[in-house]
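These notes concern the structure reproduced below.
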């Protein structure tokens, strides 16, 4: 006989502090918008009035190139080839062939301006795992990381939830194009230390998510000086590094560090800088769950390898991607075509926003635009921003991400993604947005 159900008056069994913590961040409007889409997803045929997902930074514009490669090279994804080797125990360090292919690809998308040693590549199941893994290695519970705003909403989960580490926002404004400065970092650091926090490092996204812009060389040099001066670490999340589609070109922090090492002034700096990469954005393969931690710090690499046992990448995935990325001609052609297509999408998006009476930050990278919707606010507050956001979801049936979910200090900015849908769906979304802004402006005037 089955066990007796507990009486409803009995308390539920308790769970751990981590399991019950609100630090997962999923109460954010960022995730609420996803739920609105999941409950009523748009389909041009079966549900034309559904919610269009513009809150997902996913790259589908070049997926046909990947499909064509696999059709022409079926051996790359044939599970029957080497099945025994794939199925049996794998080295926690990852397959040598894949780490070599990843190192080469990371060099290719940076124009050969930075070199990556395959033996210093640690594989993880995506950038989410890579960022959390580095946080575990570099900081203790209660310590803090400086993160310039606006920042990727998922960092509230990835960096804080299970690690117990705190995020100290470094507020950046539209007067500087939301670009971080060493002065802003120093001010945030001094304030955090004065409040009793133990700051362990800085986390950047370069190119920026949600801004879609790159960080200039001079600023990166200043940031590297800042972390060295204050005995900190620097995590540079560069998962959009292959999606820079316009000037200025990407300057990777790996390039900055390598230059200092060559000049003989990199001592004490190289061991502080760590790069995160993934194939989720540039190749549009989030389902493959492939991330990278790269560091010149031997102790960090050793610890990351040990911790990576909790977040391995399957052998079949590694073998398929090793074959694809080892094809230098394909990799170079893909990167070039993908950049051109993203540029076309960005231009198309900006033109559609202009028709709706909206502007955006001039971007040169990524899968999204940072849209200025401040003119539509009834009041320049977070509450006013969230009212506007709820109306966009309910009336325009668009899921876009409010700036407050990215901890933006100025209400009225929104991240809007453009690469996770067909051009036809994007046009539907832009038409909906145009109609919404027209109605909204009339309602405010009345």
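The values are calculated or read from the model by the stated rules, or taken from the named source; none is laboratory data. All figures in this text were calculated on a predicted structure; none of them were measured in a lab. Here the Cβ is made from the backbone with ideal geometry for all residues, glycine too, and neighbour counts use every protein chain on show.
Structural remarks
Results for (1) crowded, with 22+ Cβ neighbours inside 10 Å; (2) in contact with a helix residue (DSSP H, G or I) (Cβ under 6 Å, 6 or more places away or on another chain); (3) assigned to a helix (DSSP H, G or I); (4) in contact (Cβ under 8 Å) with a residue 12 or more places away in the chain, shown as yes or no for each residue.
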site: 179; (1), (2), (3), (4): no, no, no, yes
site: 186; (1), (2), (3), (4): no, no, yes, yes
site: 189; (1), (2), (3), (4): yes, no, yes, yes
site: 192; (1), (2), (3), (4): no, no, yes, yes
site: 197; (1), (2), (3), (4): no, no, no, yes
site: 200; (1), (2), (3), (4): no, yes, no, yes
site: 203; (1), (2), (3), (4): yes, no, no, yes
site: 207; (1), (2), (3), (4): yes, no, no, yes
site: 210; (1), (2), (3), (4): yes, yes, no, yes
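- Of note, residue 144 does not satisfy the criterion of being at pLDDT below 95 and farther than 18 Å from residue 207 by Cβ.
- Filtered residues of the stretch 12-39 (kept if in a helix (DSSP H, G or I) and over 26 Å from residue 385 (Cβ atoms)): 17, 18, 19, 20
- Listed by first and then second residue, the pairs with beta-carbon distance under 7 Å, at least 6 apart or on different chains, first residue in the stretch 259-271 and closer than 15 Å to residue 295 by Cβ, second assigned to a loop (DSSP other than H, G, I, E, B), are 270/296; 271/296; 271/297.
- Residue 323 being out of contact with any strand residue (DSSP E or B) (no Cβ under 6 Å at 6 or more places or on another chain), closer than 24 Å to residue 205 by Cβ and modelled with pLDDT under 95: no
- Of the listed requirements (1) more than 23 Å from residue 309 (Cα to Cα); (2) in the same structural domain as residue 283 (by TED's automatic domain parsing); (3) modelled with pLDDT under 90; (4) not in a loop (DSSP other than H, G, I, E, B), residue 70 misses just one: (2).
- Residue within the stretch 291-306 that is touching a residue at least 12 places away in the same chain (Cβ under 8 Å) and closer than 21 Å to residue 63 by Cα present: yes
- Total residues in the stretch 346-365 satisfying the condition of being part of a loop (DSSP other than H, G, I, E, B) and more than 15 Å from residue 213 (Cα to Cα): the figure is 3.
- Some residue of the stretch 348-356 being within 27 Å of residue 126 (Cβ to Cβ) and crowded, with 19+ Cβ neighbours inside 10 Å: yes
- Residue count for the stretch 38-75, restricted to those that are surrounded by fewer than 21 Cβ atoms within 10 Å (Cβ to Cβ) and under 30 Å from residue 382 (Cβ atoms): 8.
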